[in-house]
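Enquirer: Shown below is the structure under consideration.
The values are calculated or read from the model by the stated rules, or taken from the named source; none is laboratory data. Since the structure is predicted, the reported quantities are computational estimates derived from the model, not experimental observations. Cβ atoms come from the backbone with ideal geometry, glycine included; neighbour counts cover every protein chain shown. SASA here: full protein model, heavy atoms, side chains in, ligands and nucleic acids out. Shrake-Rupley method; radii C 1.70, N 1.55, O 1.52, S 1.80 Å.
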Amino acid sequence: MPKKIILTGDRPTGPLHLGHYVGSLLNRVRLQDEYDQYIMLADLQALTDNFANSKQVHDNVFQVMLDYLAVGIDPDKSTFLIQSMIPQIPELTTYYMNLVSLNRVVRNPTVKTEIKQKKFGESVPLGFVTYPVSQAADISIFKASLVPVGEDQLPMIEQTNEVVRAFNRIYNCDVLIEAEALIPKVSRLVGTDGKAKMSKSLGNAIYLSDSADDIKKKVMSMFTDPDHVRVEDPGKIEGNTVFMYLDVFDTDTEEVARLKEHYQKGGLGDVVLKKRLVEVLENLIGPIRERRENFAKDPEQVRKILQQGTQKAEAVAAQTLQEVKQAMGLIYF
Ligand code: TRP
């Protein structure tokens, strides 16, 4: 039996952070033995809101690639590909454009939220509004059945499956298959400001490439309980960013439970907690940072991994596109 296929990826708009780590990277590392995994550096999608920064997007492809390798996604097990180097994806997107209504794309909840956040005003790029259609092509051209992503991507998978069903029905075939999103239990990591989701644009992220000093500074300035002024005062756990992070990253759950009790009773200072979190995060990120630096020393090797992966992926995409055109009756010679 051939292995089932995973297609997943990220927009290369900056290096990856802890939100990506808990939201999808861990699942990708875990599943790469069991599945035939394709990981897309979605530079075309990144351009939909970064069209003027195309050179930065290009450079970020390598930065994100270093993050993937550093967390342990193994090029011998997973296939890395650059979206813009696979012309079959935009071609398939063109066919899909006719299967989705304008009303449907503007109703996509993730796109709606992003449009607000990005402050496009009256000038929302058409490419941005329609990126879910392009993402449907990303996923279905590889016949992926599983997509490990963060929960904000659920509406994209839903839309992908609508396109897949419409295509198979209209062209009376079973060329395309539906996909399922794989969302981890903790999929939404709050930013260091404790307010919103961790993201580069909100300036509240801890990066997998951060130095020990960066980590320390970011943790030391985290919000705890604003009413916890003196060490003796009882403190609150709810909404306390440091405890939220300890819950996610500290593997000694018994000790965390003890600390919570102590904090609520009073007598436990914020600095003690923060120092613990600095240590926990440094233990996690330190080895990742070191592997990242090693891969960064050999850019030629990284380029080769990307090139070989992209070539392999293109062959798969070309095969599906051929089947798609056959089903549509678009083969002329
Ligand atoms: N939309 C994803 C993000 O914003 C990136 C992405 C592009 C993707 N194509 C994909 C994710 C296909 C999963 C599958 O991070």
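Enquirer: Determine, yes or no, whether Ile183 is at pLDDT 90 or above and open to solvent by 40 Å² or more (accessible area, probe 1.4 Å).
Expert: Considered against the rule, which asks whether it is at pLDDT 90 or above and open to solvent by 40 Å² or more (accessible area, probe 1.4 Å), Ile183 comes out as yes.
Enquirer: Name the pairs whose Cβ atoms lie under 8 Å apart, with the first residue in the range 1-25 and part of a loop (DSSP other than H, G, I, E, B) and more than 9 Å from the ligand (Cβ to nearest atom), the second among the hydroxyl-bearing types (Ser, Thr, Tyr) and open to solvent by less than 10 Å² (accessible area, probe 1.4 Å), and 6 or more positions between them or separate chains?
Expert: Matching pairs, first to second residue: Leu16/Tyr68.
Enquirer: Would you confirm, using the coordinates I've provided, whether Ile177 is away from the ligand (no atom under 13 Å from the Cβ) and not in a loop (DSSP other than H, G, I, E, B)?
Expert: Taking the combined requirement at face value, the residue does not satisfy it.
Enquirer: Go through (1) modelled with pLDDT of 95 or more; (2) within 14 Å of the ligand (Cβ to nearest atom) and name the single condition Glu114 misses.
Expert: The single condition Glu114 does not satisfy is (1).
Enquirer: Looking only at residues in the range 186-203 that are open to solvent by 50 Å² or more (accessible area, probe 1.4 Å) and more than 13 Å from the ligand (Cβ to nearest atom), which one is modelled with the highest pLDDT?
Expert: Of the range 186-203, the ones open to solvent by 50 Å² or more (accessible area, probe 1.4 Å) are 186, 188, 195, 197, 200-203.
After this cut, where a residue has to be more than 13 Å from the ligand (Cβ to nearest atom) as well, the list is 186, 188, 195, 202-203.
On the way: Val186: 80, Arg188: 81, Lys195: 85, Leu202: 88, Gly203: 92.
Looking at residues that are open to solvent by 50 Å² or more (accessible area, probe 1.4 Å) and more than 13 Å from the ligand (Cβ to nearest atom), I get Gly203.
Enquirer: Next question, about the same structure. Just to be sure, is Tyr263 open to solvent by less than 90 Å² (accessible area, probe 1.4 Å), at negative phi, part of a helix (DSSP H, G or I) and in contact with a strand residue (DSSP E or B) (Cβ under 9 Å, 6 or more places away or on another chain)?
Expert: No: the conditions fail for Tyr263.
Enquirer: Right, next: Return a yes/no flag: does the range 45-56 have any residue that is touching a helix residue (DSSP H, G or I) at 6+ places or on another chain (Cβ under 7 Å) and more than 16 Å from the ligand (Cβ to nearest atom). Step through it out loud before you land on a result.
Expert: Residues of the range 45-56 touching a helix residue (DSSP H, G or I) at 6+ places or on another chain (Cβ under 7 Å): 45-50, 54.
From what is left, the residues that are more than 16 Å from the ligand (Cβ to nearest atom) are 54.
Among the residues of the range 45-56, at least one is touching a helix residue (DSSP H, G or I) at 6+ places or on another chain (Cβ under 7 Å) and more than 16 Å from the ligand (Cβ to nearest atom), which makes the answer yes.
Enquirer: Tell me, please, whether a residue that is assigned to a helix (DSSP H, G or I), among the aromatic types (Phe, Trp, Tyr) and near the ligand (Cβ under 8 Å from one of its atoms) can be found in the range 123-146.
Expert: Here is the first cut: in the range 123-146, the residues assigned to a helix (DSSP H, G or I) are 126-129, 131-140.
Then keep just the ones that are among the aromatic types (Phe, Trp, Tyr); that gives 128, 131.
Retained after the next criterion (residues that are near the ligand (Cβ under 8 Å from one of its atoms)): 131.
So far as the range 123-146 goes, yes, one or more of its residues are assigned to a helix (DSSP H, G or I), among the aromatic types (Phe, Trp, Tyr) and near the ligand (Cβ under 8 Å from one of its atoms).
Enquirer: Next question, about the same structure. Got a sec? Which of Leu66, Leu26 is crowded, with 20+ Cβ neighbours inside 10 Å and either among the aliphatic types (A, V, I, L, M) or outside the structural domain of Met85 (by TED's automatic domain parsing) (or both)?
Expert: Working: Leu26 fails: crowded, with 20+ Cβ neighbours inside 10 Å.
After applying the criteria, what remains is Leu66.
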